[in-house]
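Quick notes on the structure that follows.
None of the figures in this text is laboratory data; all of them are computed from the coordinates on show. Since the model is a prediction, treat every value here as computed from it, not as a measurement. Because the Cβ atoms are built from the backbone with ideal geometry, glycine has one as well, and the counts that use them run over all protein chains shown.
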2 protein chains.
Amino acid sequence: MIKLIGMMDSPYVRRVAVSLELYGVAFESQPLSVFSTFEEFSRINPAVKAPTLVLENGTRLMDSSLILNYFEAQAAPERRLLPVTPDALANDLQTLGFILAAAEKAVQNVYEHNLRPAEKQHNPWIERITVQLLAACREWNALLEARPENAVADQVAVTSTVIWTFIQSMIPHVVNAGDFKKIQAVADVFENQAAFKKYPFS
Amino acid sequence: MIKLIGMMDSPYVRRVAVSLELYGVAFESQPLSVFSTFEEFSRINPAVKAPTLVLENGTRLMDSSLILNYFEAQAAPERRLLPVTPDALANDLQTLGFILAAAEKAVQNVYEHNLRPAEKQHNPWIERITVQLLAACREWNALLEARPENAVADQVAVTSTVIWTFIQSMIPHVVNAGDFKKIQAVADVFENQAAFKKYPFS
């Protein structure tokens, strides 16, 4: 069976888990940590990156967007999470780009504070990524506001929800939920759906 | 006309430039820096991430894999840079995953040394990402060795070549070219092709 290696406290691992559930792809979740189980993880993937997805033939895929590329290409039309027409695809990829930029800057913030002693933290870097993080959140919120309401999960809904839950769980003091009401509203809708509840942030 | 914002010293910008050239997509290169021209860049993309690709209708795409997803989906069959059959696609995505993991760790190494004063650099972090970088390069080299020789550029050839040139230009003291002969041989072939010479690392 397909194996998904990584913990659900990584928004990238959770993005893949929820998407696979929506595609109807069966998989086994193996919640190894890239920190506390570095050696064990490295025996599966020497680059020690989560998520790592191991196909039945042993092929190891990593990087959540590349993994999803593989499954999206094979999804039945009614299971697809991205649109097919170029303009609609560009629109969703634009939104995903801002969401993933926010995710990257949020992860950099968490790493800066959690993986370094205080004297090795660099304030100009923290200030730079915070400006980028908040700017990305503003674009993300505005792009969601411009989308029609839809309670059926697509890739924008999945990624928006898991990244927002990660940000609000880890650095709510940096990104004030009240400033991004549309992102919060989307997360409130989808976190209550079965695919998201099956793989909660943890 | 489509605009590609970012400098060719970013392997992600160069990856997109060379790929667009191979797809036959006309674009204008606008070499703004995310550092020295932060303000100017932020007026186009407030998240200040390179590459940013601006479509003719103003849609802003970012993240090289998302940008390439958009163009790959529309490429004529003979221009595609990724295979279509699931096993071949998985195989190429596996190789791209290791190459992009190496790229990420190489960029983190460069950022650690170039964006922080010496006293803010954190040796345990540098050691961790160096282990990951070299492990990713070993997998990358082995996966290239297992591929049939091919002088026609596909996405693995593009990404492998631009990331290797970046690594060998920026941190050759960390990644010894002599240890990764197949990666070097592939880069030697493709850096001599027109699409790569049109957008050199700079």
Indicate, rounded to the nearest 5 percent, the antiparallel portion of the DSSP beta bridges found entirely in chain A.
65
So what is the calculated 222 nm ellipticity per residue for chain B, using -39500 (n - 2.57) for each DSSP H run with n of 4 or more, over all residues, to the nearest 500 deg cm²/dmol?
-18500 deg cm²/dmol
If you count, for every residue in A:159-169, the Cβ atoms of partner chains within 10 Å of its Cβ, what is the mean?
0
Along the dipole axis of segment B:132-202 (charges at Cβ: +1 for Lys and Arg, -1 for Asp and Glu; origin at the Cα centre), the most positive-end residue among B:MET170, B:ALA157, B:PHE190 is B:MET170
Counting only DSSP beta bridges with both residues in segment B:1-72, tell me the antiparallel percent, nearest 5.
65
Give me Rg over Rh for segment A:84-196, both radii from the alpha carbons and Rh done the Kirkwood way, two decimal places.
1.01
Within 10 Å of each Cβ of A:102-114, how many other protein chain Cβ atoms are there on average?
1
How about segment B:1-85: which chymotrypsin sites (Phe, Trp or Tyr not before Pro) there lie in a loop by DSSP and see at most 14 other Cβ atoms within 10 Å?
B:PHE35
Flagged as over-length at 22 Å C-alpha distance, from A:LYS3/A:LYS105; A:LYS3/B:LYS182; A:LYS198/B:LYS49; A:LYS49/A:LYS182; A:LYS105/A:LYS182, the pairs are A:LYS3/A:LYS105; A:LYS3/B:LYS182; A:LYS198/B:LYS49; A:LYS49/A:LYS182
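Test of the criteria: in segment B:127-187, which GluC sites (Glu not before Pro) are in a DSSP loop and have at most 12 other Cβ atoms within 10 angstrom of their Cβ?
Of the GluC sites (Glu not before Pro), the ones in loops of segment B:127-187 whose Cβ has at most 12 other Cβ atoms within 10 Å are B:GLU149.
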Relative contact order for segment A:66-142, counting Cα pairs under 8 Å that sit 6 or more residues apart, in percent:
33
The protein assembly as shown: antiparallel DSSP beta bridges as a percent of all, rounded to 5
65
Ranked highest first by the average count of other Cβ atoms within 10 Å around their residues, in what order do A:53-60, B:159-166 fall?
B:159-166, A:53-60
For the protein assembly as shown, state the semi-axes of the equivalent ellipsoid (square roots of 5 times the eigenvalues of the alpha-carbon gyration tensor), sorted largest first and rounded to whole angstrom.
28, 25, 24
Counting Lys and Arg as +1 and Asp and Glu as -1 over every other residue whose Cβ sits under 10 Å from the Cβ of B:VAL158, the net charge comes to 0
Taking a quarter of the surface of the Cα convex hull of segment B:1-72, what do you get in nm²?
4.2
Orientation-averaged projected area, Cα convex hull of segment B:1-147 (nm²):
10.3
Short version: ³J(HN,Hα) in whole Hz for each residue of segment A:33-49, in order, from phi by Karplus 6.51 cos²θ - 1.76 cosθ + 1.60 (θ = phi - 60°), x for Gly and Pro, what are they?
9, 6, 9, 6, 10, 4, 5, 4, 4, 5, 6, 8, 9, x, 7, 6, 10
In the neighbourhood of A:PRO124 defined by beta carbon distances under 13 Å, the net charge of the other residues (Lys, Arg +1; Asp, Glu -1) is +1
Anyone know which of B:ARG79, B:ARG15, B:ARG147 comes out most mobile in the 10 Å Cα GNM of chain B?
B:ARG147
